[in-house]
Amino acid sequence: MTRRLLLAAFLFHPGGSHVSGWRHDDAEPHRHVDIDYYADFAQTAERGIFDTLFLADGLYFWDRFPSGVDHYGQTRLEPLTLLSALAARTSRIGLAATVSTSYNEPYHVARALASLDHISRGRAAWNLVTSRYPEEARNFGGDAHLDHALRYERGREFVDVVQLLWDSWADDAILADRTSGLFADPEKLHVTDHRGDHFAVRGPLNIARPPQGHPLLFQAGGSEAGQELAAATADAVFARSLPLAEAQRFSAGLKARVVAHGRDPGDVAILPQYRPVVGETTADARAEAARILASTPDALIVEDVAHSIGQVLSADPDAVIALESDAGAAGGVAAGIANESKSPNRRLARLQAGERLTARELYAESFWESVSVGTAFEIADDIQERFETGAADGFVVQALTQPTGFREFVDQVVPELQLRGLTRRAYEESTLGERFGRARPERRVPESVLS
């Protein structure tokens, strides 16, 4: 089979992936809870033959910014509810929901995702996260997260329990035999009966085995623990955007971990974030990106950088940052920052190396490093190079503004990718798992039969 570029359409909130995308002249921020808005986004992605939607989520309202300028970006519909509605408004595109293993229970998640897979006829996916912000912990009875490593241990067991619950029923267990009065074959329904370090779940699940057997599993996390969880369990990995050489090293390293877990390197697709700004000319695209960057309020620039390095900063974004000795540490000014994420902190590393930088400089550099700017042809060139040199198996496309930015990618870049034979012109497979090249998982049968 010819290797094909995979595309996921990212949506966090209707403004776009940039924090101030909602301020764009073409944005429609008033529609942030309008199902027709989301349906239009999904149908646009389906028109571009995207493999899946990818809904980010968090279980918090992030009010740590004193200025309040980002409150729009923290309002969002619950993803499983939204994707169930979008299943009825689309026909082929995958439906990936972000669900936390830290603040849910396996039975709830197994049941909800199995339901979405049935409703969508085999298009469901789960983006597994362990959650990272203390705001989330405070909504579930605590002031701080579990330790980072412990969250991933819990996540690993969580996946195992969910998949065992999906395997409660054999594919042919439902008989619905009017003559005998037997609805299901009791020999083909099994009790999960799991007892582990974090969960005790008897089962069985009260819904038939999903059409995909197991809905597709995404995992997002660049730390050692995150990569190990992904290598052992995931079908796809949502990765950070990195320079080409770094992306190649990350991809090679993760594939090596996959092999170490006894899996084929092709079993896990690596999909970095991709933030395009498309213009008629390179200059046009550059100017549009600069306008989007300039729309970020100074207060948000300061607060974003302050949070990322774990230190309170001056309100002046152009003041040189004087790094405190304990910035970024768990016991520093922003206690708990180190427990949020173990992924590399590029901003903090530069300051610790002695560079004299302002919040505005750090914010702008992060912005320009994360975006791909150019004509449709230039964007396609970049995507093709990354795909063909092993830096990625596909991309999670994050338009900076909605709906215009995403429509421009679909209408201008996708046809160029199709012309080059990188992406398909039509859907061919029935399920999302098939589209990712994953065989339908065999059912694991617990020893106990329902009595």
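The values are calculated or read from the model by the stated rules, or taken from the named source; none is laboratory data. Note that the structure is a prediction, hence the values are computed from the model and not measured. Cβ coordinates were reconstructed from backbone atoms using ideal geometry, including for glycine residues, and neighbour counts include every protein chain displayed. For accessibility, only protein heavy atoms count, side chains too; no ligands or nucleic acids. Shrake-Rupley method; radii C 1.70, N 1.55, O 1.52, S 1.80 Å.
Key figures
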| item | result |
| --- | --- |
| Matching residues in the stretch 1-40 - criterion: being touching a residue at least 60 places away in the same chain (Cβ under 8 Å) and of a type in the set (D, E) | D26, E28, D40 |
| Checking E429 against (1) outside any helix (DSSP H, G or I); (2) farther than 30 Å from L165 by Cα; (3) under 24 Å from the mean Cα position of the chain (by Cα); (4) not aromatic (F, W, Y), the condition it does not meet | (2) |
| Breaking point among (1) under 27 Å from the mean Cα position of the chain (by Cα); (2) over 30 Å from D51 (Cβ atoms); (3) not hydroxyl-bearing (S, T, Y), for E136 | (2) |
| Condition met for A285 (farther than 22 Å from A96 by Cβ and within 21 Å of the chain's Cα centre (by Cα)) | no |
| Qualifying residue in the stretch 104-124 (condition: in a strand (DSSP E or B) and either within 27 Å of Y427 (Cα to Cα) or open to solvent by less than 10 Å² (accessible area, probe 1.4 Å) (or both)) | yes |
| Long-range neighbours under 8 Å by Cβ, at least six apart or interchain, first residue crowded, with 24+ Cβ neighbours inside 10 Å within the stretch 394-408, second among the hydroxyl-bearing types (S, T, Y) and assigned to a strand (DSSP E or B) | F395/Y274; V396/Y274; V397/Y274; Q398/Y274 |
| Unique residue being of a type in the set (A, V, I, L, M, F, W, C), over 15 Å from A110 (Cβ atoms) and out of contact with any Lys or Arg (no Cβ under 6 Å at 6 or more places or on another chain) when the list is A245, A231, A200 | A245 |
| Any hit, the stretch 167-182, residues being open to solvent by less than 30 Å² (accessible area, probe 1.4 Å), under 20 Å from P441 (Cα atoms) and touching a helix residue (DSSP H, G or I) at 6+ places or on another chain (Cβ under 6 Å) | yes |
| The stretch 125-159, subset of a type in the set (F, W, Y) and part of a loop (DSSP other than H, G, I, E, B), residue most open to solvent (accessible area, probe 1.4 Å) | F140 |
| Scan of the stretch 234-271 for residues that are at pLDDT 95 or above and of a type in the set (S, T, Y), ordered by number | S251 |
| Residue within the stretch 376-391 that is of a type in the set (K, R) and farther than 27 Å from P14 by Cβ present | yes |
| Some residue of the stretch 262-280 being open to solvent by less than 60 Å² (accessible area, probe 1.4 Å), closer than 19 Å to F377 by Cα and in a loop (DSSP other than H, G, I, E, B) | yes |
| Conditions (1) open to solvent by less than 20 Å² (accessible area, probe 1.4 Å); (2) not in a helix (DSSP H, G or I): number failed by P211 | (1) |
| Selection from the stretch 13-31 of residues that are part of a loop (DSSP other than H, G, I, E, B) and open to solvent by 50 Å² or more (accessible area, probe 1.4 Å) | D25, D26, E28 |
| Count - residues of the stretch 298-332 that are open to solvent by 30 Å² or more (accessible area, probe 1.4 Å), modelled with pLDDT under 55 and within 29 Å of the chain's Cα centre (by Cα) | 2 |
| Some residue of the stretch 235-254 being open to solvent by 20 Å² or more (accessible area, probe 1.4 Å), in contact with a strand residue (DSSP E or B) (Cβ under 8 Å, 6 or more places away or on another chain) and either of a type in the set (F, W, Y) or part of a helix (DSSP H, G or I) (or both) | yes |
